[in-house]
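Visitor: I'd like to ask you about the structure that follows.
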């Protein structure tokens with residue numbers, strides 16, 4: 001009996017002894033695996049692979065419930081994947097573990113901002129500033145929250161404070177540059193965006209915005225090269241091929257734009273900018289059902305932020321309206337019952353899609369005035385036909401400034417720059433010509449003289465255009481030409497927030 005008890009005790013002791021290392025080994029394996037998944041997730045996050053990061057970080061966080069870094073990066077990765085409410089959940093857990101963490105606080109502010117909850121967003125950024133006054137990421141966040149409310153004048157000082165606090169914080173330059181670009185302060189915008197890229201060459205969002213600025217100026221070679229460098233830095237980010245697609249669409253390279261948007265959608269099948277791009281291509285092609293499908297796909301995504309949702313709802317309504325009207329007009333045209341007014345409306349619709357040859361055909365069949373037909377011929381690249389129409393119009397109305405201006409454009413497009421110069425001078429020397437037409441005449445005169453290698457005269461024409469001009473895209477393009485041909489004569493830009501006086505190109509006009 002005693003022996004049996006001793007043997008039982010020995011067995012029990014052996015079991016207890018063996019149980020301790022077995023449990024310790026399991027815990028060690030869990031810790032090791034959680035740490036591996038954490039590092040794997042952070043690496044994926046840093047590469048822009050947010051969905052891959054989320055998969056690893058969710059597993060890591062479930063194994064290590066008190067891991068601050070797992071919850072922090074899970075929240076940040078969910079922001080990257082546009083899953084903002086879930087990001088808030090993860091970041092709140094992280095901040096319970098480390099309430100004063102600046103990255104967690106600014107991440108929380110970002111998530112709330114994307115959700116449209118300005119009050120909670122600003123509160124998170126203010127908490128960060130209490131921990132570290134003049135923390136640049138928090139200052140930029142507050143500035144963006146003001147922008148979201150349309151309070152640009154209150155946003156600018158916070159961006160400036162962020163730059164003062166840390167001259168190497170690229171996001172401050174980029175965000176302020178984007179604000180100025182939206183306001184039309186193009187030169188200041190480009191200076192800021194370029195400085196952001198200079199202080200941090202690997203900051204791809206800065207390159208993205210700089211590419212957009214170049215595109216606005218018509219500097220398409222620079223725009224494409226800049227966005228390609230952003231794609232090389234962040235190949236897993238859909239916004240970069242989307243921006244390339246938008247630039248290509250501006251250039252009329254529809255098929256290349258489509259390829260770029262599809263490339264973005266391969267990264268994120270619901271990325272709003274890319275869906276907007278393919279919807280616009282479908283609309284231009286008259287495929288309204290497909291355009292609406294792309295918009296509906298964007299609206300079905302719960303990750304769509306409040307601002308984007310409103311924009312897509314507006315776009316959806318516009319597509320429906322255009323589809324309904326186009327159906328009526330096309331049916332009347334096919335039946336041969338369309339009135340001249342309906343043909344004109346259909347002409348305008350096709351012109352809005354950039355289908356200029358179709359617009360020309362309809363303009364000739366409808367009641368469109370001859371100067372409208374000539375404009376469509378210019379846009380279609382049919383310069384000889386446009387020239388003939390303008391000559392006929394000027395025989396009926398000699399000296400009409402807008403016709404002379406567009407005649408000059410047709411002549412220049414045919415390589416007849418000397419004759420174009422004469423047409424433009426007739427516009428710029430006419431005291432009765434509207435100011436808008438005169439100013440554009442000076443730009444096109446400068447362009448023609450530049451092609452004729454008469455740089456001094458070209459500079460005179462450009463300076464006449466800039467005399468009294470405010471800042472803006474059009475004026476900035478002219479300044480850039482002057483910097484090449486007469487750098488000592490370049491005037492400083494005006495300080496007004498937008499170039500309200502800078503005219504858009506007239507019908508048939510081009511940009512310098």
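Visitor: Against the conditions (1) more than 24 Å from residue 280 (Cβ to Cβ); (2) without any contact (Cβ under 8 Å) to a residue 60 or more places away in the chain; (3) buried (at least 16 other Cβ atoms within 10 Å of the Cβ), where does residue 339 fall short? Just the number, please.
Guide: With respect to (1) more than 24 Å from residue 280 (Cβ to Cβ); (2) without any contact (Cβ under 8 Å) to a residue 60 or more places away in the chain; (3) buried (at least 16 other Cβ atoms within 10 Å of the Cβ), residue 339 is out only on (3).
Visitor: Which residue out of 451, 479 is modelled with pLDDT of 80 or more and farther than 23 Å from residue 379 by Cβ?
Guide: Step by step, each of 451, 479 is checked, and only 479 is modelled with pLDDT of 80 or more and farther than 23 Å from residue 379 by Cβ.
Visitor: Still on this structure: So which helices (runs of 4 or more DSSP H) are wholly in segment 352-453 and hold at least 1 residues that are closer than 25 Å to residue 330 by Cβ and not assigned by TED's automatic domain parsing to the domain that holds residue 322?
Guide: The qualifying helices (runs of 4 or more DSSP H) are 356-365, 370-379.
Visitor: (1) surrounded by 17 or more Cβ atoms within 10 Å (Cβ to Cβ); (2) modelled with pLDDT of 90 or more: which one isn't true of residue 368, the others all being true?
Guide: (2)
Visitor: I've got another one for you. Taking segment 176-192 as the region of interest, how many residues are more than 14 Å from residue 214 (Cβ to Cβ) and crowded, with 24+ Cβ neighbours inside 10 Å?
Guide: Here the count works out to 3.
Every residue, every condition in (1) within 27 Å of the chain's Cα centre (by Cα); (2) crowded, with 24+ Cβ neighbours inside 10 Å; (3) in contact (Cβ under 8 Å) with a residue 40 or more places away in the chain, yes or no:
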residue	(1), (2), (3)
45	yes, no, no
49	yes, no, yes
52	yes, no, no
70	no, yes, no
76	yes, yes, no
88	yes, no, no
98	no, no, no
107	yes, yes, no
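Visitor: Do you know which residues across segment 143-160 are in a helix (DSSP H, G or I) and farther than 20 Å from residue 203 by Cα?
Guide: Scanning segment 143-160 gives 145, 146, 147, 148, 152, 153, 154, 155, 156, 157, 158.
Visitor: Mind checking whether some residue in segment 241-258 is more than 26 Å from residue 351 (Cα to Cα), out of contact with any strand residue (DSSP E or B) (no Cβ under 9 Å at 6 or more places or on another chain) and surrounded by fewer than 22 Cβ atoms within 10 Å (Cβ to Cβ)?
Guide: No, segment 241-258 has no match at all.
Visitor: Here's another thing I want to ask about it. In the list 252, 218, 206, 273, which residue meets the criterion of being part of a helix (DSSP H, G or I) and either more than 11 Å from the chain's Cα centre (by Cα) or modelled with pLDDT under 95 (or both)?
Guide: After applying the criteria, what remains is 206.
Visitor: Moving to a separate point now. Would you point out which residue out of 300, 291, 225, 232 is surrounded by 18 or more Cβ atoms within 10 Å (Cβ to Cβ) and at pLDDT 90 or above?
Guide: Just one listed residue meets the conditions, 291.
The values are calculated or read from the model by the stated rules, or taken from the named source; none is laboratory data. Owing to the predicted nature of the structure, the values given are computational and were not obtained by experimental measurement. Don't worry about glycine lacking a Cβ; one is built from the backbone with ideal geometry, like all the others, and counts go over all protein chains shown.
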